[in-house]
1. Cα-based Rg (one decimal) and Dmax (whole number) for segment 1-115, in Å?
2. Based on Cα positions only, what radius of gyration and what Dmax would you give for the chain, in angstroms?
3. At 0.36 nm per residue, and after removing the present C-alpha to C-alpha distance, how many nm does the segment from residue 238 to residue 23 gain when stretched out fully?
4. Considering every Cα-Cα pair within segment 114-262, what fraction, in whole percent, is farther apart than 19 Å?
5. Mean 1/r over all different Cα pairs, inverted: what Kirkwood radius does segment 103-202 give, in Å?
6. Taking a ≥ b ≥ c as the square roots of the Cα gyration tensor eigenvalues, with a/c under 1.5 meaning rounded and otherwise prolate when a/b beats b/c, else oblate, which class fits segment 55-164?
7. Can you tell me the FRET efficiency between residue 107 and residue 186 if r is taken as the Cβ-Cβ distance and R0 is 41 Å, rounded to the nearest 0.05?
8. Taking only Cα atoms and a 10 Å spring cutoff, compute GNM fluctuations for the chain and point out the largest among 63, 248, 225.
Amino acid sequence: GTAEDSLDSIVDADYVLTSENGYSTFPAAAGEALRAVNGVEVASSVRSDNALAFGEEIGVMGMDRNSDKTFNAFLVEGSEVTPGALTGDGAIVRESFAEKHDLAIGDEFQITTAAGTPIELTVASLQAPRSIDKLEPLLAKVAIRQEKFDEVFPRPRNLFSFVEIDGDATPQNTAALRSALRGFPELALATEAGWVEERASGLDMVLNLFYVLLALSVIVSLFGMVNTLILSVFERTRELGMLRAVGMTRRQVRRMVRQESV
């Protein structure tokens with residue numbers, strides 16, 4: 001429930017388009033195809049690729065002008081530049097990444113694409129992930145404007161495409177969008193509610209794994225406790241018999257057992 005509420009607060013769209021597995025990138029042309037559907041009010045695509053920064057591989061996203069209408073980046077206090085308002089070499093950087101590399105708003109840093117192209121960027125805003133975003137980040141460590149992304153990354157591809165359509169999510173609108181995606185059979189189109197449920201279901205698998213491990217540990221513990229109790233009774237019976245044989249009275253036996261129990 002926490003995961004679903006968090007995802008729902010991050011994304012505000014009628015439909016979400018992803019790859020079939022939900023995590024791979026897909027052709028940018030698919031997002032453009034949705035834009036042409038009759039009734040679509042907003043079609044916003046999020047590009048994604050990898051780059052090197054400070055000696056580590058990071059994710060970089062390209063945000064378009066409509067990002068603010070469908071995606072909530074949750075900027076930290078003092079950050080005013082939203083993903084849709086990025087200009088020039090400005091970048092939105094994850095707060096933990098900025099702290100790790102001593103970056104603040106206005107600082108410059110460099111990333112290098114997989115093709116070896118160096119890119120000079122300036123921290124425009126800082127972003128702090130929500131609870132689910134810490135487990136499964138929806139926004140990469142660095143986000144730049146989409147035009148800049150398309151310039152420096154060869155063959156740009158989308159990670160998400162968000163759609164706001166007149167009439168919200170209806171069977172008719174779903175059919176129209178699916179018809180526009182006929183040339184992209186490997187993609188998955190879902191309503192926001194369906195996408196949130198599907199995305200959060202990954203946590204159910206993790207929780208179920210923990211439940212299985214917990215059940216196994218309980219079963220093993222039960223065998224251990226029963227075994228210990230049986231051995232204790234078996235050995236104590238003989239111990240009490242020996243004490244009685246050397247002269248301990250019944251009253252002394254009762255007192256000993258009572259005091260040890262307390």
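1. Calculated on Cα positions, Rg and Dmax stand at 15.7, 47 Å.
2. 29.7, 100
3. Values: separation 215, 0.36 × 215 = 77.40 nm, distance 6.53 nm.
Length difference between fully extended and current span is 70.9 nm.
4. Details: 8543 of 11026 pairs.
Of all Cα-Cα pairs in segment 114-262, 77 percent lie more than 19 Å apart.
5. Numbers: mean 1/r = 0.0590 Å⁻¹.
For segment 103-202, the Kirkwood estimate is 17.0 Å.
6. Numbers: a/c = 1.34, a/b = 1.04, b/c = 1.29.
Judged from the Cα gyration tensor, segment 55-164 comes out rounded (a/c under 1.5).
7. Details: r = 40 Å, r/R0 = 0.97.
Result of the calculation: an efficiency of 0.55.
8. Its mean-square fluctuation being the largest, the pick is 248.
Every number here is computed from the coordinates shown, using simple stated rules; none is lab data. This one's a predicted model, so the numbers in the text were calculated from it and none came from an experiment. Heads up, the Cβs are rebuilt from the backbone with ideal geometry, glycines too, and the neighbour counts pull from every protein chain shown.
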